[in-house]
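What follows is a short report on a single structure.
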Protein chains: 2
Amino acid sequence: MAKTASLTRQHFIDAALQVVAEVGVDKLSMRRVATELGVSPMAMYKHFPNKEELLAATLDAVIANADVFPDDSLAWPAWVEQVARGMFQALCSETSWVPLLSSMRLGAQAAAVTGAFIERLSREGFSQRQAINAYIAVLQVVIGGVCLHSSISAEQQHQADSKLTPMTLTGLKEVERHLAAPILGAMGELDQLGIGLPMILAALEEQLRGNRAV
Amino acid sequence: MAKTASLTRQHFIDAALQVVAEVGVDKLSMRRVATELGVSPMAMYKHFPNKEELLAATLDAVIANADVFPDDSLAWPAWVEQVARGMFQALCSETSWVPLLSSMRLGAQAAAVTGAFIERLSREGFSQRQAINAYIAVLQVVIGGVCLHSSISAEQQHQADSKLTPMTLTGLKEVERHLAAPILGAMGELDQLGIGLPMILAALEEQLRGNRAV
DNA sequence: ACCTGAACACCGTTCAAGT
DNA sequence: ACCTGAACACCGTTCAAGT
């Protein structure tokens, strides 16, 4: 009954998403994805030249599913903040992707987000150059925030496992330990974006005032 | 003549640094490090419970060697900028570490840098809370900047290899392509820190003015 | 055309055995 | 005590072969 059409690219991407959900990106293997589809690992090489390309396509699907854009009727500072928080959430909820953000080429979906962001800021009175810079600054804080969040989680996980002094604090002089210890706590707190993002928004508002004064 | 003392922890860390310099973190293997020392791969397990611990210790050695602190006589805004640029340089010159920043637990050397940063800002009139937040904001921008820099390098490398339209721009509508294309160019530019860092410094100066007004 | 099986050259890690 | 060899259970990828 079922017309067993040959496997499409999308089949492999969906299977990869499934495997990531089950075991995380780091433990994903070509063999595992193939098994998920009940197929030989070699079948994948008709659609993707190598593992990296499969992962890049899969990451793009994750970004497409994230849907970071809030209601367009929000004032631009609130809108920018929501976009940033949406990106942060999307990346943090799939933490196993984080280590790949720096080495993975971003795909069409990522570029679409970029375009929409710049288009909105341009409409609000920013120059294109300013809008691009704003996007870069927001992206840096989001990615930096996700990396830090993920680092801290790893450290806390390790502490919970080993019940030892955090590695970060071992081998430090008393005075350094006294200064460094609160950081661990502060970083583990909820709102990674609450620190850098308001600074960027303030700078952007200042920029816009400058534009209007001309 | 040579007293063949048994291999120390440091021997393995040094060998790991050597291997990273030769082939990058991603291609480092326990077997490769052991071969570097002319020893069985199993010898390492007397000093490190697993590969992750060896890498964490090696990353800490990289941080120790980075020496990010500029002359203490610099005014604090210039000092903060130099520290940020030092970190950025150190991480960018060893790009193969970047993907691990988010998953690797940071060690004692990283904490020492943290402590020194906070101590300096506290001396300048920031509260401890403000100094910690300042450090987190700077770190986010540095790490985000390094990740973006590294992503762009990967994309440009791929373009050079394949001579194709950047993957980031394929599959986009005309209008989106028109908006997204300049980003790739802007991101590839030299100064990743030139965008977000001044925004943070401006916010910090504002904060300090607020402190003094009390 | 699309998929497979066997093989190659690797991994991290365990464990019993050597010295 | 410190190191080794052989083995286990995996990898990504190639390539000739099947249908």
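The values are calculated or read from the model by the stated rules, or taken from the named source; none is laboratory data. What you are looking at is a predicted structure, and each value in this text was computed from that prediction instead of being measured. Because the Cβ atoms are built from the backbone with ideal geometry, glycine has one as well, and the counts that use them run over all protein chains shown.
The table that follows gives values for the structure above.
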read-out	value
All positions within the range A:35-49 that are within 9 Å of DNA strand C (Cβ to nearest atom) and on the phi < 0 side of the Ramachandran plot	A:L37, A:V39, A:S40, A:P41, A:M42, A:A43, A:M44, A:Y45, A:K46, A:H47
Single residue of the range B:105-117 satisfying the filter (of a type in the set (A, V, I, L, M, F, W, C), touching a helix residue (DSSP H, G or I) at 6+ places or on another chain (Cβ under 6 Å) and within 7 Å of chain A (Cβ to nearest Cβ)) that is surrounded by the most Cβ atoms within 10 Å (Cβ to Cβ)	B:A111
Residue check, A:A137 over 22 Å from B:H149 (Cβ atoms), facing chain B (nearest Cβ under 8 Å) and aliphatic (A, V, I, L, M)	no
Residue ID - nearest to DNA strand C (Cβ to nearest atom), chosen from residues in the range A:19-33 that are free of Cβ contacts under 8 Å to residues at least 12 places away in the same chain and among the aliphatic types (A, V, I, L, M)	A:V23
Residue match in the range B:60-83 (condition: away from DNA strand C (no atom under 14 Å from the Cβ), in a helix (DSSP H, G or I), acidic (D, E) and away from chain A (no Cβ under 14 Å))	yes
So A:E94, is it away from DNA strand C (no atom under 16 Å from the Cβ) and over 30 Å from A:P198 (Cα atoms)	no
Test: residue in the range A:137-159 that is under 21 Å from the mean Cα position of the chain (by Cα), at pLDDT 85 or above and acidic (D, E)	no
Condition met for B:E52 (away from DNA strand D (no atom under 16 Å from the Cβ), more than 14 Å from chain A (Cβ to nearest Cβ), of a type in the set (D, E) and under 25 Å from the mean Cα position of the chain (by Cα))	no
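Residues checked against (1) of a type in the set (S, T, N, Q); (2) in contact with a Phe, Trp or Tyr (Cβ under 7 Å, 6 or more places away or on another chain); (3) more than 22 Å from B:Q140 (Cα to Cα):
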{"residue": "B:E53", "(1), (2), (3)": "no, no, yes"}
{"residue": "B:A56", "(1), (2), (3)": "no, no, no"}
{"residue": "B:I63", "(1), (2), (3)": "no, no, no"}
{"residue": "B:L74", "(1), (2), (3)": "no, no, yes"}
{"residue": "B:A78", "(1), (2), (3)": "no, no, no"}
{"residue": "B:V83", "(1), (2), (3)": "no, yes, no"}
{"residue": "B:M87", "(1), (2), (3)": "no, no, no"}
{"residue": "B:A90", "(1), (2), (3)": "no, no, no"}
{"residue": "B:S93", "(1), (2), (3)": "yes, no, no"}
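Residue-by-condition table, conditions (1) more than 7 Å from every other protein chain (Cβ to nearest Cβ); (2) modelled with pLDDT under 85:
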site	(1), (2)
A:W97	yes, no
A:S102	no, yes
A:E119	no, no
A:I132	no, no
